[in-house]
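Inspection log for the structure reproduced underneath, given as structure tokens.
The values are calculated or read from the model by the stated rules, or taken from the named source; none is laboratory data. Given the structure is predicted, the values throughout are model-derived calculations rather than measurements. Cβ placement follows ideal geometry from the backbone for every residue including glycine, while neighbour counts extend to all protein chains displayed. For the accessible areas, the whole protein counts, side chains as well, though only heavy atoms, and no ligand, DNA or RNA atoms are used. Shrake-Rupley method; radii C 1.70, N 1.55, O 1.52, S 1.80 Å.
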Amino acid sequence: MIKSFLAYDISDLESMHILSKSKNLFNNGILEEEQWNTIKEKYPTRIYAPPLYIKLPLFIISTLGLLFSFGLISFIMEFSGFQIQALIMGPILLLLTDKILIRSSFHFSSGVSETGIYFGFILLAIGLFGESDVDPIWYLFTGLFFTLIITIRYLDVLALIASLFCIGAIIFRFTSILGGLAEALLPFILMSVFIGLFLFSSNYEQKRPEVIFKNQLIVAKSVSLLVIYLAVNYYVVRELSIELMGLNLTDNQDIPFAFIFYVFTLIIPFGYIIWGIKKKSILFIRIGILTALLTGITFYTYFFSDYTIYVITISGAILILVTILLFKKLKLNELGFTSEKVMDDSWRTNEIGMIMASKINDNDQSIPPKKNDW
Amino acid sequence: MINIAKKLFDVGVINEQQFSFLELVRTKQIVSLYYDLRLILYLGIILFTSGFGYFVYQNIGSAGHILAMFFLASSIAVGFYYIFKFSKPYSNSLVLVELNFFDYVLLLVALLIITLLSYIQIYFELVELLLRWSSLLSTSIFLFMAYRYDNRAILTMGIIALAATLGLSVSPIDWIEGELSSISNLYYSSIILGISLIVIAQVSVIRNVKAHFKSTYHHIGLLLYYSGMVAALPDNQFIIGILLILSASILSYQAWHKKEFLFFLYSNIAIYIAFTFLLITILTESDSMNFILLIYYFPFTLIAYTIFLVLNKSHFKHD
């Protein structure tokens, strides 16, 4: 059902992914030029997906062009209010982007297509709501609906992040409306919902073989892990309680049940890193490192803010020493981790990988299948 | 998830050895933390040098300054010992050192040298006297290290220090001497430096002396040249404007043929700014109410340029 809703051809998308991976292998010297040329012939794609350094200027220039055009069109359509103009222009822009840029010209995340899609939906939202005085939760539901459409139909990663944000904001708004115990339990409700989202994404990734959703699922899992941590991070809970819920606290005063949040702030990053090492998941290790840094900043803010220079200097020195030690220790750890670059810049592959490949071929002719993708 | 390696192996594009290697990575029998460790190391270097530099600045009046300078000098000495031990001899072509964090030690030593020089200047009250020379000294040290040890990050720092030498040595010194001179000659320095860097880029390729530094020189040179010319526009609209349009057109044509998208984009933006500036100047000076043209000018030109880039998307595509 989701595949039929996609704006792109599945085979084009799969070919694009195969070409992208193969190009990376060719640039790292894993594939020979002849092999790379063969892959290009076997898996042609009509999709235009430029690299970031082309996409970003295209996005900026097309956005500026569109904004100036709105001015011109508003000047021409001066007989009608802005809400009506938005209600007319939004769907037209979406239709033009979908039919001409995406379906006919096969633009995929080209910068120009994103300008059309984002502005089309923004205008549609303005056209629907205008200056009406509805509860903010309806804006959030509309935002969630639109961002989900963009995520599924156009495989847009930014829209996915926006939709996850909308989910969090809706939960926050609901608990604010309910008040009392619901408001107090907000961190744990958020945590539970995003644990659910993470498990759903992991499960979906294992059950569905399509590579076309790979990036979206990685982003969904990463954002979910981050929100699980941030929902119970002491700094976030304390400051948002003061800002959004009007809690009155002095500088040295703790929030209720502060101890629980301090414990979560401390153990979640290390839990991620340990789980990442155990399951050899780079995602968990990276999110673990990021959340460990955020934990450091949290504790610095409340306990060591008078010693800024010492904290920065000593942290820097510790990080340098630890990474140099790890570089030496992780030449090839028994757990399978290495500090070496597995795919290096030279034309031959890294010897470590080739030695291990030859050892595995000696021991077992068939490589044991694993569900995880690279 | 689809196994791309298996798919390529099944259709006979890759051989068994390649497939085995790729399966090692996919099945996580080998997981590389190379980029993660480098990122943390970079963060550590930035934190340490920032913290220590600020410590030096804050404690300049206290008794420990000699110890601090001694500590800095020792760290630099240890760093250089490490660099000398693992570096390879100078070569005009690309030099690669197999050691994973060699370039980070190089960066750390370069930053510590600058910290020590600043410390000495401030402590011995040599700032005003050496203002012109300290940037030049930093430039010399960075450029020497960049060429000797083949490091583009330090080359970038050296070029920026060179720009600071030309920029900062003019207005602050004039101001200290009591002259309220304008900073207009700064953009001439920017233009001249920009042209010089572009020429150096070409010479390095022709003479094959660190030809791989060309993109760094070309990039910074173009930015300096264009920003200098754009800054000079209000003072000499027509001459600078026409010169800018002509030179940017030539560079744009060159970038088009070499398929260098960023340089092509920079040149186009410079042409657009110069042309728009001249157009607005003409409209301002004439008494006619032709400002209505601008309402159509901006959207049409921006949309037309977007369409042009999209229609020629395959030109800049690198396989």
Among the candidates B:272, B:226, residue that is closer than 21 Å to residue A:56 by Cβ, of a type in the set (Phe, Trp, Tyr) and more than 14 Å from chain A (Cβ to nearest Cβ):
B:226
Regarding segment B:86-95, can at least one residue be identified that is among the basic types (Lys, Arg), surrounded by fewer than 18 Cβ atoms within 10 Å (Cβ to Cβ) and at the interface with chain A (Cβ under 7 Å from one of its Cβ atoms)?
no
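Going by the conditions given, is residue A:193 closer than 30 Å to residue A:234 by Cβ and of a type in the set (A, V, I, L, M)? Break it down into steps so the answer makes sense when it comes.
Numbers: closer than 30 Å to residue A:234 by Cβ: yes; of a type in the set (A, V, I, L, M): yes.
Against the criterion (closer than 30 Å to residue A:234 by Cβ and of a type in the set (A, V, I, L, M)), residue A:193 qualifies.
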It is to be established whether one or more residues within segment B:27-39 are within 24 Å of residue A:288 (Cβ to Cβ), part of a helix (DSSP H, G or I) and either of a type in the set (A, V, I, L, M) or away from chain A (no Cβ under 11 Å) (or both).
yes
Inspect segment A:93-104 for any residue being in contact with a Phe, Trp or Tyr (Cβ under 8 Å, 6 or more places away or on another chain), hydroxyl-bearing (Ser, Thr, Tyr) and open to solvent by less than 30 Å² (accessible area, probe 1.4 Å) and give the result as yes or no.
no
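Here is a yes/no grid of residues against (1) more than 7 Å from every other protein chain (Cβ to nearest Cβ); (2) among the hydroxyl-bearing types (Ser, Thr, Tyr); (3) touching a Lys or Arg at 6+ places or on another chain (Cβ under 9 Å):
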| site | (1), (2), (3) |
| --- | --- |
| B:14 | no, no, no |
| B:25 | no, no, no |
| B:66 | yes, no, no |
| B:97 | yes, no, yes |
For segment B:96-105 the number of residues that are among the aliphatic types (A, V, I, L, M) and open to solvent by 70 Å² or more (accessible area, probe 1.4 Å) is 1
In segment A:282-310, residues that are in contact with a Phe, Trp or Tyr (Cβ under 7 Å, 6 or more places away or on another chain) and within 8 Å of chain B (Cβ to nearest Cβ) total 1
Filter segment A:147-185 for residues that are more than 20 Å from the chain's Cα centre (by Cα) and of a type outside the set (A, V, I, L, M, F, W, C); the one that is farthest from residue A:114 (Cα to Cα) is A:180
Exactly one of B:106, B:99, B:47, B:112 is aliphatic (A, V, I, L, M), under 30 Å from residue A:325 (Cβ atoms), free of Cβ contacts under 8 Å to residues at least 24 places away in the same chain and assigned to a helix (DSSP H, G or I), and that one is B:47
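Yes/no matrix, rows are residues, columns are (1) closer than 30 Å to residue A:25 by Cβ; (2) in contact with a Gly (Cβ under 6 Å, 6 or more places away or on another chain):
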residue	(1), (2)
B:3	yes, no
B:6	yes, no
B:43	yes, no
B:47	no, yes
B:57	no, no
B:65	no, no
B:71	no, no
B:84	no, no
B:109	no, yes
Can you pull out the residues in segment A:266-281 that are within 13 Å of chain B (Cβ to nearest Cβ) and open to solvent by 30 Å² or more (accessible area, probe 1.4 Å)?
A:273, A:277, A:278, A:279, A:280
Within segment A:119-135, can one find any residue that is open to solvent by less than 20 Å² (accessible area, probe 1.4 Å), over 28 Å from the mean Cα position of the chain (by Cα) and more than 28 Å from residue B:305 (Cα to Cα)?
yes
From the options A:162, A:258, A:169, residue that is more than 14 Å from chain B (Cβ to nearest Cβ), of a type outside the set (D, E, K, R) and under 25 Å from residue A:13 (Cα atoms):
A:162
Helices (runs of 4 or more DSSP H) contained in segment A:139-226 and holding at least 3 residues among the aromatic types (Phe, Trp, Tyr) and closer than 26 Å to residue A:293 by Cα
A:186-207
Does residue B:93 satisfy the criteria of being assigned to a helix (DSSP H, G or I), within 22 Å of the chain's Cα centre (by Cα) and hydroxyl-bearing (Ser, Thr, Tyr)?
no
Against the condition farther than 27 Å from residue A:283 by Cα, touching a residue at least 24 places away in the same chain (Cβ under 8 Å) and open to solvent by less than 30 Å² (accessible area, probe 1.4 Å), how does residue B:73 come out, does it pass?
no
Residue list for segment B:1-55, filter: open to solvent by less than 60 Å² (accessible area, probe 1.4 Å), closer than 28 Å to residue A:213 by Cα and of a type in the set (Ser, Thr, Tyr):
B:20, B:27, B:32, B:34
Limited to segment A:35-71, what total is found for residues that are open to solvent by 80 Å² or more (accessible area, probe 1.4 Å), at the interface with chain B (Cβ under 7 Å from one of its Cβ atoms) and over 30 Å from the mean Cα position of the chain (by Cα)?
2
Unmet requirement for residue B:58, which otherwise passes all of (1) crowded, with 16+ Cβ neighbours inside 10 Å; (2) under 30 Å from residue A:311 (Cα atoms); (3) facing chain A (nearest Cβ under 7 Å):
(1)
Considering only residues that are hydroxyl-bearing (Ser, Thr, Tyr) and either under 28 Å from residue B:283 (Cα atoms) or surrounded by 21 or more Cβ atoms within 10 Å (Cβ to Cβ) (or both), which ones fall in segment B:219-264?
B:225, B:226, B:227, B:247, B:249, B:252
Residue count, segment A:186-229 (criterion: in contact (Cβ under 8 Å) with a residue 40 or more places away in the chain, under 16 Å from the mean Cα position of the chain (by Cα) and open to solvent by 50 Å² or more (accessible area, probe 1.4 Å))
2
Among (1) modelled with pLDDT of 80 or more; (2) open to solvent by 40 Å² or more (accessible area, probe 1.4 Å); (3) within 27 Å of the chain's Cα centre (by Cα), there is one condition residue B:110 misses while meeting the rest; what is its number?
(2)
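Take residue B:18 and decide whether it is within 28 Å of residue A:18 (Cα to Cα) and within 7 Å of chain A (Cβ to nearest Cβ). Please lay out each step first, then the result.
Numbers: within 28 Å of residue A:18 (Cα to Cα): yes; within 7 Å of chain A (Cβ to nearest Cβ): yes.
Taking the combined requirement at face value, the residue satisfies it.
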Can you find a residue that is surrounded by 15 or more Cβ atoms within 10 Å (Cβ to Cβ) and either touching a strand residue (DSSP E or B) at 6+ places or on another chain (Cβ under 9 Å) or part of a loop (DSSP other than H, G, I, E, B) (or both) anywhere in segment A:258-265?
no
Residue that is nearest to the other protein chains (Cβ to nearest Cβ), among those in segment A:72-116 that are within 24 Å of the chain's Cα centre (by Cα) and of a type in the set (Asp, Glu):
A:114
Cβ contacts < 8 Å: first residue surrounded by fewer than 18 Cβ atoms within 10 Å (Cβ to Cβ), restricted to segment A:137-161; second residue of a type in the set (Lys, Arg), any location; separation 6+ or different chain. Result?
A:137/A:173
Right, residue B:81: surrounded by fewer than 16 Cβ atoms within 10 Å (Cβ to Cβ) and not acidic (Asp, Glu) or not?
yes
